[in-house]
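Read the structure below first, then the notes.
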Amino acid sequence: MPTLTFRDLAAMTHGTLVQGGDLITSSVVIDSRQVTPDSVFFAIKGERLDGHQFLAQALATARGAVVSRVPEGIAADKGIVRVDDTTAALQRLARAVRERDDFLLIAITGSAGKTTTKEMIATLAGTERRTFRSFGNFNNLIGCPLSIDNTPDGTEVVVSEMGMNHKGEIAQLAGLLHPDVGVYTNIGPVHIEFFGTIEKIAEAKRELLENVKTGGTIVLNADNQYVMDISRDFDGRKVTYGIEHDADFRATEIRERGLLGTTFSVGGHTFELSLPGRHNLENLLAAIATARSIGISWEGIARGVRELRPAYHRGVIVPWRGATIYDDSYNSNPYALKRALALMEQADAAGRRIAVIGDMLELGERENEYHREAGAAIPRSIDVVFGVGPRSQSLLDGARGAGFDGDRLHHFADAESAGAFLRDFIRGGDLVLIKASRGIGLDRIVTMLEKER
């Protein structure tokens, strides 16, 4: 982990050292429940909670804290740095770590697949270089800097996501850190509630390539027209990947094996990807293109591909009483749902194909229209559709209008009621997709079923 004194922290955050300048910390946390004896706790003030409320709890264990208000009675053996704004200090520390340490920074953005692609890139790069990846899906104005703040000493490659809900957020993150490599997965109608059109989403995604370090590289999905359009004026190095269109790293000889994954070739090399679905092949192509762009050998890439496993609730296969649960419950949007349903259509199933689809959030004023369109596009090979949440009623309406009989459509208000029904409904041989935006909590269905497995 990084080693910093509280005197270092004061200088790097533009703060004032209150006490404990020679004390050493080796991890940065913003959650008082996650502190360790070597942690520095940043008391972040959020929309709902103020970290200063938990300062006493944090300092019972942590080495010290960065605060904007210094309370009375701080123990003499604790390090304290005072700043005007703890969130800005967290970000300034990330910039300082980036400037201090000579690591290559890879930043990933896109409407879907960011976290999986991040994990894939880190796995491939990690076969030959000391690599650190951002935590989970920490990709916003707090999570991304927090991950950079925790970059271990001696790291050679850092792989991080950069997400957005509003225009300017990626510009702030990328402008803070200036990645060496910017990677684009795809651009589609995600967070459209805050933008209005896909074109405006694309404009906001352009902020990454506009802030890549001078002489840097961007890795582009040749099959996504929005990605290719925003990159036309980029004057640095471009590396492309794709399936349908010509690209520097194009998959050929593709053999999809349903839930067993995909076999394919690229650059004269053949790989077996254990993660199922065309979307995971796209993610892996992005990772291969990125790894090659930073000098990872084909041998290292082959070792990394063999190590790949799905992230939690992101396309995990769960056997259950003779049925197969495809747990993709971490998040959803129309683009990702379409890809998951295509996989369901391709996969072998001895029993029924059952799609449990929860609400897709942050789709704006047209959310019901997007849900109806998604419902109308559900493949006819799906035997039963469960809608979960208020917006999914529109999805079921779309399916009904496209020819699904009413007895194949079911609606539930929440994950708990859907899970209770599914527990007795699922039979051996069934293939069950579970997918929704994270706020709907369909992962609770998976947890419920796993407890009874």
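The values are calculated or read from the model by the stated rules, or taken from the named source; none is laboratory data. Quick caveat, the model's predicted, so the values are computed rather than measured. A quick note on method: Cβ atoms are made from the backbone with ideal geometry, for glycine too, and the neighbour counts reach across all protein chains shown. SASA here: full protein model, heavy atoms, side chains in, ligands and nucleic acids out. Shrake-Rupley method; radii C 1.70, N 1.55, O 1.52, S 1.80 Å.
Please determine whether any residue of segment 182-201 is farther than 23 Å from Met360 by Cα and modelled with pLDDT under 95. Scanning segment 182-201, I find no residue that is farther than 23 Å from Met360 by Cα and modelled with pLDDT under 95, so the answer is no.
Can you tell me which residue in segment 295-307 is farthest from the chain's Cα centre (by Cα), limited to those that are surrounded by 20 or more Cβ atoms within 10 Å (Cβ to Cβ) and of a type in the set (A, V, I, L, M)?
Taking segment 295-307 first, the residues surrounded by 20 or more Cβ atoms within 10 Å (Cβ to Cβ) are 296, 301, 304-305.
Applying the additional criterion that residues be of a type in the set (A, V, I, L, M) yields 296, 301, 305.
Working: Ile296: 23, Ile301: 21, Val305: 19 Å.
Among them, the one singled out is Ile296.
One residue alone among Gly154, Gly143, Gly136 is at pLDDT below 95, open to solvent by less than 10 Å² (accessible area, probe 1.4 Å) and closer than 23 Å to Ser39 by Cβ, and that residue is Gly143. Selection of segment 408-417 for residues being part of a helix (DSSP H, G or I) and in contact with a strand residue (DSSP E or B) (Cβ under 9 Å, 6 or more places away or on another chain) yields Arg408, Ala415, Ser417. For segment 86-132, the tally of residues that are of a type in the set (Val, Ile, Thr) and open to solvent by less than 20 Å² (accessible area, probe 1.4 Å) stands at 8.
Suppose the filter is open to solvent by 10 Å² or more (accessible area, probe 1.4 Å) and on the phi > 0 side of the Ramachandran plot; does Gly364 pass it? In short, yes.
Restricting segment 420-444 to residues that are open to solvent by 40 Å² or more (accessible area, probe 1.4 Å) and either touching a Ser or Thr at 6+ places or on another chain (Cβ under 9 Å) or among the polar types (S, T, N, Q) (or both), the residue that is farthest from Arg352 (Cα to Cα) is Arg438. The residues of segment 142-168 that are over 16 Å from the mean Cα position of the chain (by Cα) and farther than 21 Å from Gly51 by Cβ, listed by number, are Thr151, Pro152, Asp153, Gly154, Thr155, Glu156, Val157, His166, Lys167, Gly168.
Scanning segment 371-408 for residues being over 27 Å from the mean Cα position of the chain (by Cα) and closer than 21 Å to Gly429 by Cβ gives a total of 7. So which residues in segment 348-370 are part of a loop (DSSP other than H, G, I, E, B), at pLDDT 95 or above and more than 25 Å from the chain's Cα centre (by Cα), if there are any at all? Within segment 348-370, Gly351, Arg352 qualify. Taking the conditions (1) touching an Asp or Glu at 6+ places or on another chain (Cβ under 6 Å); (2) surrounded by fewer than 18 Cβ atoms within 10 Å (Cβ to Cβ); (3) under 27 Å from Gly163 (Cβ atoms) in turn, Pro379 satisfies each one other than (3).
Among the residues of segment 247-269, those that are of a type in the set (Asp, Glu) and over 13 Å from Ala289 (Cβ atoms) comprise Glu253, Glu256. Going through (1) open to solvent by 10 Å² or more (accessible area, probe 1.4 Å); (2) in contact (Cβ under 8 Å) with a residue 24 or more places away in the chain; (3) under 22 Å from Ile317 (Cβ atoms); (4) within 24 Å of the chain's Cα centre (by Cα) one by one, Thr447 falls short only on (2).
When residues in segment 199-233 are screened for being under 21 Å from Gly295 (Cβ atoms) and either open to solvent by 30 Å² or more (accessible area, probe 1.4 Å) or of a type in the set (S, T, N, Q) (or both), 4 of them pass. In segment 118-169, the qualifying residues are those that are of a type in the set (Val, Ile, Thr) and either free of Cβ contacts under 8 Å to residues at least 60 places away in the same chain or not in a loop (DSSP other than H, G, I, E, B) (or both), and the one that is farthest from Thr185 (Cα to Cα) is Thr155.
The requirement of being open to solvent by less than 30 Å² (accessible area, probe 1.4 Å) and either within 23 Å of the chain's Cα centre (by Cα) or basic (Lys, Arg) (or both) is not satisfied by Gly258.
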